[in-house]
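Have a look at the structure below, then the notes.
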Amino acid sequence: MTAIRVGHLYPDYLNIYADRGNIAVLARRAAWRGHELDVTALGMGDAVVPGEHDLYYVGGGQDREQLLVAEDLVAKAEALREAVTAGAALLAVCGGYQLLGRGYRGFHGEDMPGIGLLPLETVAGERRMIGDVLLECEFQPGEKRTLAGFENHAGRTRLDPGAQPLGRVLAGFGNDGESGFEGCRAGRVIGTYLHGPLLPRNGWLADWLLEQALAHRLGADDPPSLEPLPDELERRAHEVSAARARARGGRFG
Ligand code: GLN
């Protein structure tokens, strides 16, 4: 049994759409493979100590909550950068994702600093982008998988040239409603607009994160492969969500 150490950033501020449900999924899927998830809250003023966590998680929030945590996150930026450079994994959702970039200009023009961990910038637009989303991801060449989720954001996120998106939008808006990209991935760091929460209906992504976290925990270059789970309910949940996204159509539908 290995204890996978998770640092949950700002659970009291960034948790819309029950984003913390993602942690419950990680804990359960780890337990089914005989591993324990050891979750620590990293709130305002708490220090991030590189090496102490294998996976960091930051949820979504309204502009108001983002504004409350942005400066504190900047104070943690250097330690977080050091941690992920040393191989820790990170999942950031929506409001948390925006703050991983260089900055976010909110709906009322508030300029919030980001921590520059991902090569992107976000500016809020007039119209909110709301609804079910379906993405196609290719983490390994030739290995395509879909992610289904829900988005609700005013922010338009632009990736820098050459930055890697999390996936290609099959239905929904994605980063900005124009580029056809959603999210961003850099090594073991993932940012995405998908919440709802994201992991219950996309078990493969939960396992990918656990595998990266285990690689960090064990000091292995290559992540171990977790044994597959039956995932019947998870697949059905994914299908319901994917079908809703396809029915929605829209710009990329
Ligand atoms: N406040 C941000 C926006 O509207 C993020 C919203 C969210 O986390 N759902 O773009």
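Of note:
- Relative contact order for the stretch 106-253, counting Cα pairs under 8 Å that sit 6 or more residues apart, in percent: 25 percent
- Rounded to the nearest 20 debye, the dipole size of the stretch 13-104 about its Cα centre is 360 debye, using +1 on the Cβ of Lys and Arg and -1 on the Cβ of Asp and Glu.
- Stretch gain in nm, segment ALA79-ASP160, where the contour uses 0.36 nm per residue and the Cα spacing is subtracted: 26.8 nm
- In this structure, the amide hydrogen of MET129, modeled 1.01 Å from its nitrogen in the peptide plane, lies closer than 5 angstrom to those of HIS153, ALA154, counting only residues at least 5 positions away or on a different chain.
- Per-peptide packing, taken as the mean over residues of other Cβ atoms within 10 Å, places 182-193, 36-47, 207-218 in the sequence 182-193, 207-218, 36-47 from highest down.
- Relative contact order for the chain, counting Cα pairs under 8 Å that sit 6 or more residues apart, in percent: 20 percent
- Rounded to 5, the percent of DSSP beta bridges in the chain classed as antiparallel: 55 percent
- Theoretical ellipticity at 222 nm over the chain - DSSP helices of four or more residues, -39500 (n - 2.57) apiece, nearest 500: -9500 deg cm²/dmol
- At a probe radius of 1.4 angstrom, the accessible area of the chain per residue rounds to 43 square angstrom.
- Here ASP222 and ALA41 are evaluated by their C-beta separation; at R0 = 45 Å the FRET efficiency comes out at 0.90.
- Screening the chain for whole DSSP H helices of 15 Å or more along their axis (Cα) with average Kyte-Doolittle hydropathy at least -0.5 returns 21-32, 63-85, 203-218.
- With every protein chain in place, the stretch 138-221: carbon and sulfur % of accessible area (1.4 Å): 47 percent
- Contact order, relative form, for the stretch 1-128: 25 percent (alpha carbon pairs under 8 Å, 6 or more residues apart, mean separation divided by residue count).
- The chain, Rg to Rh (Cα coordinates; Rh as Kirkwood inverse mean 1/r): 0.94
- For LEU194, distant residues with modelled amide H under 5 Å away: CYS94
- Cα centroid of the stretch 1-76 to Cα centroid of the stretch 105-171, whole Å: 20 Å
The values are calculated or read from the model by the stated rules, or taken from the named source; none is laboratory data. What you see is a predicted model; the values in this text were computed from it and never measured. In this analysis, Cβ positions are derived from the backbone assuming ideal geometry, glycine residues included, and neighbour counts consider all displayed protein chains. Surface accessibility is based on the protein's heavy atoms, side chains included, excluding ligands, DNA and RNA. Shrake-Rupley method; radii C 1.70, N 1.55, O 1.52, S 1.80 Å.
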